[in-house]
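Shown next, in structure tokens, is the structure this report addresses.
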Amino acid sequence: YHPHSRTWEQLARGLYGMLIVEERQPLDFDLDLPLVIDDWRLTEQGAIHEPSFGAMMDKSHAGRLGNWVTVNGASGPMFKVPTNGLVRLRLANASNARVLRLKTGNLNGQVIALDGQPLTNPTTDDEVVALAPSQRVDIAVRAPSDPNTKLDLMVQGGDKDIAVATLQTSGPAMEKRDPPALPHNPLPSLSKLSDALQVELRMEGGAMGTMQEAKFNGKVLTIRELVRAGQAWAFNGVSGRTEDPLFRARRGQAVVVNMINDTAWPHAMHFHGHHVQVIEKNGKPVQNAPWRDTELMERGEKIKVAFPAENVGKWMLHCHMLEHQAAGMATWFEVA
Ligand SMILES: [Cu+2]
């Protein structure tokens with residue numbers, strides 16, 4: 001959770017927290033370990049780099065990338081875990097813009113939930129788990145069976161991987177057993193997509209993009225004028241939030257959003273109030289995709305997501321790379 005005013009600055013200064021909704025019955029883990037990973041842009045003296053807040057360079061490129069990674073506010077922290085214990089890691093990416101690529105092979109773990117939704121089939125074969133800004137992943141890890149053994153949490157870096165945190169076993173060995181299955185959240189089914197409301201969302205702009213102009217505050221501006229107004233991106237030719245929503249859905253109606261990333265950059269498309277399921281990627285049907293509230297879209301990618309509009313209200317839909325959001329990648333929809 002985080003406040004939603006000047007989000008790009010507030011998050012870069014560390015104003016966020018993790019909300020945990022526990023299962024009705026406690027699950028059979030020996031340790032529940034929430035880990036919030038952040039990517040800070042610091043000065044040589046280790047202070048928040050303030051002159052670059054809102055920089056057009058960041059807005060029009062990859063967003064505010066940092067130079068210092070922390071886990072729960074510390075650099076390279078060590079966490080004690082029970083020897084041979086079952087540990088539930090709850091990882092969240094609180095970075096403004098950095099996509100963290102977790103190398104989980106050494107953890108010998110299972111991905112059991114994404115964005116707070118348990119997976120029907122926990123996966124073990126993921127060597128790299130991409131975690132875009134705002135995304136969460138739960139990993140069930142079996143700690144090593146010897147005490148005082150270390151296990152690093154690795155993130156892919158530019159030329160070498162870095163250990164962002166370390167787990168160290170301690171205490172008597174726990175009993176060996178399989179990770180418990182997570183109870184499922186009640187998600188409505190998506191059986192009738194034939195009647196779904198179809199919405200197109202073309203994402204344009206940014207450096208090395210082809211966008212020539214877009215509407216901003218009701219006026220069509222050239223790309224130069226947009227940049228002078230602090231804008232760099234558009235959804236369906238409109239930069240920033242508008243008076244009218246992208247779409248209005250009836251409560252319970254199925255919605256398909258066809259998202260087209262017509263830019264040279266990845267984006268973390270984040271839905272408020274709903275989880276969505278990818279049903280098509282680059283023209284190919286996708287079966288049984290996990291339910292997520294943030295979909296990472298690589299440059300040029302086309303993704304169709306579907307969801308039942310079940311929560312009444314006005315909801316934002318935006319890129320969670322916060323400088324992109326501030327520079328135009330934001331819209332909203334209404335469920336009534
Ligand atoms: Cu973006």
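The values are calculated or read from the model by the stated rules, or taken from the named source; none is laboratory data. All values derive from a computational prediction rather than experimental measurement. Reconstructed Cβ throughout: ideal geometry from the backbone, glycine too, with neighbour counts over all protein chains shown.
Based on this model, can you work out whether ASN93 counts as within 16 Å of the ligand (Cβ to nearest atom) and either modelled with pLDDT under 95 or not assigned by TED's automatic domain parsing to the domain that holds GLU204 (or both)? Judged against the criteria, ASN93 is a match.
Inspect all residues belonging to region 286-296 and state whether any of them is farther than 21 Å from ALA130 by Cα and either within 16 Å of the ligand (Cβ to nearest atom) or surrounded by fewer than 18 Cβ atoms within 10 Å (Cβ to Cβ) (or both). No; the residues of region 286-296 include none that is farther than 21 Å from ALA130 by Cα and either within 16 Å of the ligand (Cβ to nearest atom) or surrounded by fewer than 18 Cβ atoms within 10 Å (Cβ to Cβ) (or both).
Run down GLY54, GLY85, GLY46, GLY17 and say which single residue is within 23 Å of GLN135 (Cβ to Cβ) and among the small types (Gly, Ala, Ser). Show your work before the answer.
Values: GLY54 fails: within 23 Å of GLN135 (Cβ to Cβ); GLY85 fails: within 23 Å of GLN135 (Cβ to Cβ); GLY46 fails: within 23 Å of GLN135 (Cβ to Cβ).
Only one candidate qualifies: GLY17.
Scanning region 313-331 for residues that are surrounded by fewer than 24 Cβ atoms within 10 Å (Cβ to Cβ) and touching an Asp or Glu at 6+ places or on another chain (Cβ under 9 Å) turns up GLY313, LYS314, TRP315.
For region 211-237, taking the residues that are within 16 Å of the ligand (Cβ to nearest atom) and among the polar types (S, T, N, Q), the one that is nearest to VAL257 (Cα to Cα) is identified as ASN236. For region 253-264, indicate whether the set of residues that are free of Cβ contacts under 8 Å to residues at least 40 places away in the same chain, out of contact with any Phe, Trp or Tyr (no Cβ under 7 Å at 6 or more places or on another chain) and assigned to a strand (DSSP E or B) is non-empty. No: region 253-264 contains no residue that is free of Cβ contacts under 8 Å to residues at least 40 places away in the same chain, out of contact with any Phe, Trp or Tyr (no Cβ under 7 Å at 6 or more places or on another chain) and assigned to a strand (DSSP E or B). The listed residues are PHE247, PHE271, PHE333, and the only one of them that is among the aromatic types (Phe, Trp, Tyr), within 16 Å of the ligand (Cβ to nearest atom) and in contact (Cβ under 8 Å) with a residue 12 or more places away in the chain turns out to be PHE271. On inspection, THR242 does not qualify as of a type outside the set (Asp, Glu), buried (at least 16 other Cβ atoms within 10 Å of the Cβ), within 14 Å of the ligand (Cβ to nearest atom) and touching a residue at least 24 places away in the same chain (Cβ under 8 Å). Quick one: count up the residues across region 172-229 that are acidic (Asp, Glu) and within 21 Å of PRO245 (Cβ to Cβ). Number satisfying all stated conditions: 3.
In region 151-166, is there at least one residue being touching a residue at least 24 places away in the same chain (Cβ under 8 Å), more than 23 Å from the chain's Cα centre (by Cα) and not assigned by TED's automatic domain parsing to the domain that holds THR294?
Keep residues of region 151-166 that are touching a residue at least 24 places away in the same chain (Cβ under 8 Å), which gives 151-156, 161-166.
Okay, now just the ones that are also more than 23 Å from the chain's Cα centre (by Cα), so 151.
Filter once more, so that each one left must be not assigned by TED's automatic domain parsing to the domain that holds THR294: 151.
Scanning region 151-166, I find at least one residue that is touching a residue at least 24 places away in the same chain (Cβ under 8 Å), more than 23 Å from the chain's Cα centre (by Cα) and not assigned by TED's automatic domain parsing to the domain that holds THR294, so the answer is yes.
Given the criteria closer than 23 Å to GLY116 by Cα, within 22 Å of the chain's Cα centre (by Cα) and either away from the ligand (no atom under 16 Å from the Cβ) or hydroxyl-bearing (Ser, Thr, Tyr) (or both), does VAL257 qualify?
Details: closer than 23 Å to GLY116 by Cα: yes; within 22 Å of the chain's Cα centre (by Cα): yes; either away from the ligand (no atom under 16 Å from the Cβ) or hydroxyl-bearing (Ser, Thr, Tyr) (or both): no.
No, not satisfied.
When restricted to residues that are in a strand (DSSP E or B), out of contact with any helix residue (DSSP H, G or I) (no Cβ under 9 Å at 6 or more places or on another chain) and not β-branched (Val, Ile, Thr), region 151-180 contains 4. Does PRO180 meet the test of being touching a residue at least 40 places away in the same chain (Cβ under 8 Å) and crowded, with 17+ Cβ neighbours inside 10 Å? In short, no.
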